[in-house]
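J.: This is the structure, below, for whatever I ask next.
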Amino acid sequence: MNKKLMLFVVAIALATASPLAAQTHHHYKLIDVGTFGGPGSFGADPPAPRPLNNLGIVVGGADTATPDANFPNLCLYCGPNIFHAFQFHNGVQADLGALPGANSSLASWVSDNGLIVGWSENGAIDPLLGAPELEAVLWKSGQIIGLGTLGGGYESVALAVNNRGEVVGVSSNLVPDVFGPLGTQNRVFLWKDGSMKDLGTLGGPDAGFLGLVGGVEINEAGQVVACSYTNSTANPVTGTPTLDPFLWQNGTMHDLGNLGGTSACATFINNYGQVGGYSTLAGDLEFHPFLWDRGTLKDLGTFGGDNGLALWVNDAGHTVGRADITAVCAECAPGNQRQLHHPFLWINGALTDLGVVDSDTGGTGFSINSRDQVVGISVRCMQINPDDSCDGTVMHGFLWEAGSIVDLQRLIVTNSEITVNTASDINERGEIFGSGVLPDGDTHLVLLIPCDEYHPNIEGCNYSLVAARSAEHGETQTVAKPALASDRIHRSRHSAALRSTPEAQVSK
């Protein structure tokens, strides 16, 4: 069967599937990626990281059993144990190592051809911070490559890499700067074939790691997005210079503009050059999600509340993130009645509220694939403390598909001692990367494999379907698998051969 005919069969199968099939979810098999003898494993915080590629390779960091001599006195990024970056694939966890010495490392992004980037301690102490220096690294063909820094700076982090081996990230230099997060200028770099290039700024002193959220992203065409100060004059409301998102391509940096305010950042770019992010409005008291597409910056709006963020854009331009609703948190103190927010999906001008799990009060969509499956986090804050922190947060990793949001825990094939509390990435095969908590409180990274047509004959899978309404309400009712439609999808798609920290507050 040729490829076009396969796709046609899939389309017919989906179009003719029964209404019952459209309102069901697959079961998932949970895989604990494990540790290196220490208590936990963890990933870089969303948005921006891509810890799961379309081949099912997972990257992150895992504790070893070796105590970290720098903890706690010389510690900004470390913990009680040294941790190492890892790669997990087909049930095997591989230690990616660190730069020479007793150093920790963390991987945050893996390309579809297996290139991995992140950072490693390099054994030196940053004289400005008094803490171990971090150096951007690339793992390629089993080897770790230190990428260095810009202008002799002490810190750098690699954040993304494409299949061409172009690495982007952030580095400090040695130029003093009152607006730089580390006391010196902060710049975006592009590294390729052993050379690190400073991409410059939009006129101000700094670029990258600025604003409310925002990282540095690169697509397969080599286009880079981040945000940059446009001048060196602090604005009265934000206290920082005007910040705009930029698109860098072919040696030129383009200012993408803003929605009327003085603080805007890009958070993601897809392979067609569409950019998601956020911008404050005039007056800088509210911020909205945006999508930039071919020269136009579009305000995606909210659900009646003040604020929102766009965090991921698939290659169809479909965008996910979070947006405020009009309700406020009941637990907030008088005078601090923050609005709640819900995860959203924006498609062609329509902003859809994806809802939350059970009685949760807020949530965020972190990632979306080409089938418009969305994953994220749904939260409920039990009490807001006087210091504005949340006490007793309940967190659920969620999946939204075909109009239904569900707590992923309810789809796991067998009872697991791990409670999934975050889902931060989903790939084109529907595999989900997230994290969960063990009964003793340790956090482990998990990979969730759908028991579906892409993954036949998986040991321990249950290939029956879960009724959406039952899953939403915590029931365990399953329905028979629709034979004709699902069998067609199985044969055609498989033979065709067969992407702020977990929210501790209701406001995040």
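Just so it is clear, none of the values below were taken in a lab; they were calculated from the coordinates. All values derive from a computational prediction rather than experimental measurement. No Cβ is skipped: glycine too gets one built from the backbone with ideal geometry, and neighbour counts run over all protein chains shown.
J.: In terms of modelled amide H atoms, which long-range or inter-chain residues lie less than 5 Å from the amide H of Gly153?
T.: Sorted by chain and number, the residues that satisfy this are Leu174.
J.: Still on this structure, please answer the following. By counting other Cβ atoms within 10 Å of each Cβ, how are Asp442, Asp244, Asp177 ranked from fewest to most?
T.: Asp442, Asp177, Asp244
J.: Give the Kirkwood hydrodynamic radius (Å, one decimal) of segment 36-97, defined as one over the mean of 1/r across all pairs of different Cα atoms.
T.: One decimal place: 12.6 Å for the Kirkwood radius.
J.: With θ set to phi - 60° and the Karplus curve 6.51 cos²θ - 1.76 cosθ + 1.60, what are the ³J(HN,Hα) couplings of segment 455-468 in order, to the nearest whole Hz, using x for Gly and Pro?
T.: So the Karplus estimates, Gly and Pro as x, are 10, x, 6, 7, 4, x, 7, 10, 8, 6, 9, 9, 4, 4 Hz.
J.: Within 10 Å of each residue's Cβ, count the other Cβ atoms and sort Val237, Val168, Val406, Val92 from fewest upward.
T.: Listed from fewest to most nearby Cβ atoms, that is Val92, Val237, Val406, Val168.
J.: For segment 394-410, what does the Karplus curve 6.51 cos²θ - 1.76 cosθ + 1.60, with θ = phi - 60°, yield as ³J(HN,Hα) per residue in whole Hz, taken in order and with x for Gly and Pro?
T.: After applying 6.51 cos²θ - 1.76 cosθ + 1.60, I find 9, 10, 10, x, 10, 10, 10, 7, 6, x, 10, 9, 9, 5, 4, 4, 6 Hz.
J.: Over all distinct alpha-carbon pairs, what is the Kirkwood Rh of segment 291-366 in angstrom?
T.: One over the average 1/r among Cα pairs gives 13.1 Å for segment 291-366.
J.: Would you calculate the convex hull of the Cα atoms in segment 219-347 and tell me its volume per residue in Å³?
T.: 104 Å³
J.: How big is the gap, in Å, between the Cα center of segment 422-437 and the Cα center of segment 174-251?
T.: Taking the Cα centre of segment 174-251 as reference, the centre of segment 422-437 is 29 Å away.
J.: Going by average Cβ neighbours within 10 Å, how do the peptides 121-128, 217-224 rank, with the highest at the top?
T.: Result, highest mean first: 217-224, 121-128.
J.: Can you list the residues, at least 5 places off or on another chain, whose amide H is less than 5 Å from the amide H of Gly321, using H built in the peptide plane?
T.: Leu311, Phe344, Gly365
J.: Amide H to amide H, which residues 5 or more places from Ser263 or on other chains are under 5 Å from it, using H placed in the peptide plane?
T.: Distant-sequence amide H within range of Ser263: Leu243, Thr280.
J.: What number in nm² do you get for segment 386-465 if you take the convex hull of its Cα atoms and divide its surface by four?
T.: Taking a quarter of the hull surface, the average projection is 7.1 nm².
J.: In 5 Å bins starting at zero, report the fraction of Cα pairs in segment 158-304 per bin as a rounded %.
T.: Values per bin, smallest distances first: 2, 11, 20, 24, 19, 13, 7, 2, 1, 0.
J.: OK, next. What's the local net charge at Ala136, with K and R +1, D and E -1, over the other residues with C-beta under 14 Å away?
T.: -2
J.: Also, I was wondering about something else. For segment 32-139, just the Cα atoms, rotate onto the principal axes and tell me the three extents in Å, largest first.
T.: 41, 26, 25
J.: Could you put Tyr278, Tyr463, Tyr229, Tyr77 in order, starting from the residue whose Cβ has the fewest other Cβ atoms within 10 Å?
T.: Starting with the residue having the fewest Cβ neighbours, the order is Tyr77, Tyr463, Tyr229, Tyr278.
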